[in-house]
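Below you'll find the structure, written out as structure tokens, and then a few comments.
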Amino acid sequence: MSELDGVPKPEELLKIDYQPPRKGWMDTPVNFKPGTYNYPAASKNHKILELPFPREWSPMEEDWKLPENWKEIVVNGIAERLSKYRSFKVFMDICVRCGACADKCHFFLGSGDPKNMPVLRAELLRSIYRKEFTAAGKVLGKLAGGRELTPTVIKEWFYYFYQCTECRRCSVFCPYGIDTAEITMIGRELLYLLGLGINWALEPAAKCFMTGNHLGVYPHTLKDTLEFFADDIEDITGVRVEIPLNKKGADILFVTPSGDYFADPGTFTCMGYLILFHELGLNYTWSTYASEGGNFGLFTSHEMIKRLNAKIYAEAKRLGVKWILGGECGHMWRVIHQYMDTMNGPADFLQEPVSPITGTKFENAKSTKMVHIMEFTADLIKHNKLKLDPSRNDKLKVTFHDSCNPARAMGIFEEPRYVIRNVCKEFYDMPENTIKEKTFCCAGGAGLGNDENMEMRLRGGLPRGNAVKYVQEKHGVNRLACMCAIDRATLVPLCDYWAPGVQVTGIHEMVANALVLKGEKERETDLRGEPLKELEE
Amino acid sequence: MTFIMSIMLPFIIILFLLLLVLGVVSYTHLENVFGIFIPYLALAIFLMGFLYRILSWAKSPVPFRITTVCGQEKSLDWIKANRLESPFTTLDVIKRLALEVLLFRSLFRNTNTELNEGPKLIHWSAKWLWLAGLTFHWSFFIILTRHLRFFTEPVPFAIQFIDKLDNLFEIGVPALYLTDALIVAAITHLFLRRVLVPKIRYVSLPADYFPLFLLFCIIGSGMFMRHIYKVDLIKVKELALSLISFRPALPEGIGVLFYVHLFFVCLLIAYFPFSKLMHLGGVFLSPTRNLANNNRSKRHINPWNYPVKVHTYEEYEDEFREKMKAAEIPVDKE
Ligand code: HEM
Ligand code: SF4
Ligand code: SF4
């Protein structure tokens, strides 16, 4: 539990005061408290990506070494984005401050900081918009809700736009669909114009740019890693799976987040994919160049999304595959579903995806030509193409965390539940207001899943953790399933802290545990190498 | 911006305007200004301002299809898609928007979260804002429609019917309109929650109180005119008809309260395009609500899509070729 060292105990964190201070928010300066902010991006990462004003600086210092004409840069940056994004423009104008979004944000619920209410997070930028771009704001200033753009405002943006995981829960509840994540994304872009970024987002972006994946795994290392999984799989199942890499002429390119092959418990899900594809005899390939499904560009700027995402189609074209299959990831799927085709399409060199096993046409993916593995597997199970023995997961009592992006960008709710119900016997959903489109974030997405920000993550993790604890107490749930690589990293400390005893799993880990392979030996352990049944005390 | 300032500033402005119009109409003979000039001016500002705002929003493109999805996607045939919350076709989108505009669908989802001992975070369903909001808007709309009886001769049947319906209970003489009672209750609720709920009070700006006060004045003066300090309705109708036929003629002696009412209405419509009240137009243009969730089946075009600097496969292979070859990973150039 080293990650949790130095974090106050839950009893301490729970002393949350939802009462806003007496002083107005415009007069309350930002206070950088250790444990609640992210370290700035190293200048080398700015340089690799050729971003402006690379320098070393610290949020704790008075002087952020802003470029001389910083104000002009920001104002021009806002103007440009107002003319490019109707979303931004409309959202700047129409909020009625009804407050419906206020207590929908996990960071507000966990911290009580009023500037974490989505409406105020947006007002941080909206107040500058009013002052610089509306007649009333220019003339009346504060009386019209405008305020002067000062370095303090920039600091405040840096703090609060990195206390938003771009989860879009607020947008579900807003009567006009105002999406604070969109405002956060634009706000972060503006900060990057001044050379202000966070390392946990920019370093993965830089690595992804150069090596193909966020973790900077080299091609040969990727091969070693996957071979190593194959060894483990052989030990457990007696079956040797193949590792197709950069294979020209494969039917399907498989792309998954690098977290899956990098760290537990994602690795078990990765083994799950390998086992499933082997059993199906799928003619597919991994790529060392497109070795990342995730896209930390999403947490940086729209341009960076496109720059990092371009690899996927380029590689599919180079290898000559028919279509692309995507693994279990959250924000990756926001990018694939809502940005990829627009940014880097049209994918007219690919074919409309058809499952080679069942013949099912994935009509819903006929333009982007990329299918979510949960759609793929649910279809297999529906057509009885998998021999499953759910009793091998009998020690698991499972609940499911809808990751923000697949939930609110795609609406993929029933596919994962269908798969889970078919591979284990005990499945319990968390309370209705905490799942599906109303799901609560893991509080570590959007680049915030680092250790220095742990207190804020755990605060933001309260609503999710509390819902997990609810099913843990009510049904004895001991496994939290999710289909997101960031979740598989961030939900672990979250559960240790708010619902100790609950472990995190990917869905294809459970699938592979239940999947009966041709020629397999009697299984004694699950993919984690733990006994299949809980030992009786 | 403190709470006191946020609320007092619009209050003082409104009070000042109230006294102004009362004073001017009572002691001078500027009825022409208030009865003819200002209404035309306000209407012109409204129409031009509204159009300007919509066009300026519309001028900015929608580069990405960023629907906020609130229901099951359409994927496999045997999984029932939620076409209202995850619209797939334009017709679905129209239905979703209709639900949003006519019934405030999203607000209906509202919850109220409470942190209890345990700890237990409980998310109660909270429908009061939805109810008050919906009641206010629908009452406002019906009241507006009822006013058409002043502008039409003969009064169309539909408007007579709405009037009748609204008068169903016949309480008092002249009867109290149902919507009048409802709008007072609803707007009082909206005002009180803004003042009493600490979170909402904290985020409220003068621009949030101003329209509420304005509406109070309009509703108040309207009801006052009808029930207590009566004005000559025949003459009001004469004026209304003359205005709408662009042959303005001001009848004598309508009563000062009418001018107060009319002035505040003019203020509202002239203020409208430059304020948050433009949510009326914005809700239709909100990209998270007015786009289908069919991203992967139908390509969305970004008009300003531009080429970006990428790290190509060739560059990548050049960098890693020896290592790839050593690991027996296929390469393009030997
Ligand atoms: C398509 C038409 C419209 C829709 C869908 C709509 C929707 C909404 C919604 C959902 C709210 C938030 C809930 C609430 O506070 O009631 C709201 C607030 C408000 N609307 Fe509208 N509205 C529309 C037109 C109008 C019009 C024509 C007015 C004219 C006066 C208006 C005045 C207001 C006011 C003053 C508020 C803020 C209430 C407060 O301060 O709490 N709306 N509207
Ligand atoms: S719910 Fe929407 S309109 Fe209401 S305060 Fe939040 S962002 Fe503004
Ligand atoms: S997008 Fe999520 S994290 Fe950001 S303000 Fe909205 S609810 Fe909070």
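The values are calculated or read from the model by the stated rules, or taken from the named source; none is laboratory data. Since we're looking at a predicted model, the values are computed, not measured. Cβ: placed from backbone, ideal geometry, glycine included. Neighbour counts: every protein chain shown.
Looking only at segment A:233-243, decide whether some residue is farther than 20 Å from A:PRO406 by Cα, modelled with pLDDT of 95 or more and within 14 Å of chain B (Cβ to nearest Cβ). The answer is yes; a qualifying residue exists. Pull up segment B:56-75, narrow it to residues that are more than 7 Å from chain A (Cβ to nearest Cβ) and touching a residue at least 12 places away in the same chain (Cβ under 8 Å), then point me to the one that is surrounded by the most Cβ atoms within 10 Å (Cβ to Cβ). Here the answer is B:THR67. Inside segment B:255-296, residues that are without any contact (Cβ under 8 Å) to a residue 24 or more places away in the chain and either more than 7 Å from chain A (Cβ to nearest Cβ) or more than 28 Å from the chain's Cα centre (by Cα) (or both) make up a count of 2. Inspection of segment A:388-396 finds no residue satisfying the criterion of being under 23 Å from the mean Cα position of the chain (by Cα), assigned to a helix (DSSP H, G or I), more than 15 Å from ligand 3 (Cβ to nearest atom) and modelled with pLDDT of 95 or more.
Within segment B:321-332, the set of residues being assigned to a loop (DSSP other than H, G, I, E, B) and within 7 Å of chain A (Cβ to nearest Cβ) comprises B:ALA327, B:ILE329, B:PRO330.
What residue, among those in segment A:114-123 that are more than 7 Å from every other protein chain (Cβ to nearest Cβ) and surrounded by 24 or more Cβ atoms within 10 Å (Cβ to Cβ), is farthest from ligand 3 (Cβ to nearest atom)? Of everything passing the filter in segment A:114-123, A:ALA122 is farthest from ligand 3 (Cβ to nearest atom).
Give the residue that is farthest from ligand 1 (Cβ to nearest atom), with candidates limited to residues of segment A:61-110 that are among the polar types (S, T, N, Q) and more than 12 Å from every other protein chain (Cβ to nearest Cβ). Once the filter is applied, the top-ranked residue is A:ASN69.
This table checks each residue for (1) within 14 Å of chain B (Cβ to nearest Cβ); (2) closer than 19 Å to A:ASN453 by Cα; (3) not in a loop (DSSP other than H, G, I, E, B).
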| residue | (1), (2), (3) |
| --- | --- |
| A:GLY6 | no, yes, no |
| A:LYS15 | yes, yes, no |
| A:PRO21 | yes, no, no |
| A:PRO34 | no, yes, no |
| A:PRO54 | no, no, no |
| A:TRP57 | no, yes, no |
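In summary, helices (runs of 4 or more DSSP H) completely within segment A:255-341 and bearing 2 or more residues that are under 25 Å from B:ASN305 (Cβ atoms) and more than 9 Å from chain B (Cβ to nearest Cβ) occur at A:302-319, A:331-335. Could you tell me whether segment A:148-162 includes any residue that is within 13 Å of ligand 3 (Cβ to nearest atom), within 20 Å of A:GLN19 (Cα to Cα) and facing chain B (nearest Cβ under 10 Å)? Within segment A:148-162 (the criterion being within 13 Å of ligand 3 (Cβ to nearest atom), within 20 Å of A:GLN19 (Cα to Cα) and facing chain B (nearest Cβ under 10 Å)), the answer is no, since none of the residues qualifies. Please report, ordered by residue number, the helices (runs of 4 or more DSSP H) entirely within segment B:201-299 with at least 1 residues that are at negative phi and within 16 Å of ligand 2 (Cβ to nearest atom). The helices (runs of 4 or more DSSP H) meeting that bar are B:206-227, B:279-285. For segment B:198-234, taking the residues that are over 24 Å from A:ASP113 (Cβ atoms) and in contact with a Lys or Arg (Cβ under 8 Å, 6 or more places away or on another chain), the one that is farthest from ligand 1 (Cβ to nearest atom) is identified as B:TYR209.
From the list A:GLY445, A:GLY460, A:GLY411, A:GLY449, the lone residue that is surrounded by fewer than 24 Cβ atoms within 10 Å (Cβ to Cβ) and under 26 Å from A:GLN338 (Cα atoms) is A:GLY449.
From the list B:LEU268, B:LEU250, the lone residue that is of a type in the set (A, V, I, L, M) and modelled with pLDDT of 95 or more is B:LEU268. State all residues of segment B:159-197 that are touching an Asp or Glu at 6+ places or on another chain (Cβ under 8 Å) and within 13 Å of ligand 1 (Cβ to nearest atom); if no residue qualifies, say none. Passing the criteria: only B:ARG194.
Rundown of residues vs (1) among the basic types (Lys, Arg); (2) out of contact with any Ser or Thr (no Cβ under 8 Å at 6 or more places or on another chain); (3) assigned to a loop (DSSP other than H, G, I, E, B); (4) touching a residue at least 60 places away in the same chain (Cβ under 8 Å), yes/no style:
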position	(1), (2), (3), (4)
B:VAL101	no, yes, no, yes
B:TRP124	no, no, no, no
B:LEU129	no, yes, no, yes
B:LEU144	no, yes, no, no
B:LEU148	no, yes, no, no
B:ALA158	no, yes, no, no
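With the condition kept exactly as written, say whether any residue in segment A:13-26 is under 12 Å from A:GLY197 (Cβ atoms) and not β-branched (Val, Ile, Thr). The answer is no; no qualifying residue exists. In this structure, is A:LEU140 surrounded by fewer than 23 Cβ atoms within 10 Å (Cβ to Cβ), outside the structural domain of A:MET454 (by TED's automatic domain parsing) and touching a residue at least 24 places away in the same chain (Cβ under 8 Å)? The answer is no for A:LEU140. Residue count for segment A:222-239 satisfying the condition of being under 15 Å from A:LYS521 (Cβ atoms) and of a type in the set (A, V, I, L, M, F, W, C): 3. Residue pairs whose Cβ atoms lie under 8 Å apart, separated by 6 or more positions or on different chains, with the first residue in segment B:79-97 and closer than 15 Å to A:GLU414 by Cβ and the second not in a loop (DSSP other than H, G, I, E, B) and not charged (D, E, K, R), are B:ILE79/A:ALA378; B:ILE79/A:TYR418.
Scanning segment A:176-203 for residues that are within 14 Å of another protein chain (Cβ to nearest Cβ) and closer than 27 Å to A:THR288 by Cα yields a total of 0. Looking only at segment A:157-171, decide whether some residue is within 16 Å of ligand 1 (Cβ to nearest atom), part of a helix (DSSP H, G or I) and either assigned by TED's automatic domain parsing to the domain that holds A:TYR273 or under 18 Å from the mean Cα position of the chain (by Cα) (or both). Checked segment A:157-171: at least one residue is within 16 Å of ligand 1 (Cβ to nearest atom), part of a helix (DSSP H, G or I) and either assigned by TED's automatic domain parsing to the domain that holds A:TYR273 or under 18 Å from the mean Cα position of the chain (by Cα) (or both). Do we have B:ASP163 as free of Cβ contacts under 8 Å to residues at least 60 places away in the same chain and within 28 Å of the chain's Cα centre (by Cα) here? Spelling it out, B:ASP163 is indeed free of Cβ contacts under 8 Å to residues at least 60 places away in the same chain and within 28 Å of the chain's Cα centre (by Cα). Does any residue of segment B:311-320 turn out to be outside any loop (DSSP other than H, G, I, E, B), among the hydroxyl-bearing types (Ser, Thr, Tyr), crowded, with 19+ Cβ neighbours inside 10 Å and facing another protein chain (nearest Cβ under 7 Å)? Scanning segment B:311-320, I find at least one residue that is outside any loop (DSSP other than H, G, I, E, B), among the hydroxyl-bearing types (Ser, Thr, Tyr), crowded, with 19+ Cβ neighbours inside 10 Å and facing another protein chain (nearest Cβ under 7 Å), so the answer is yes.
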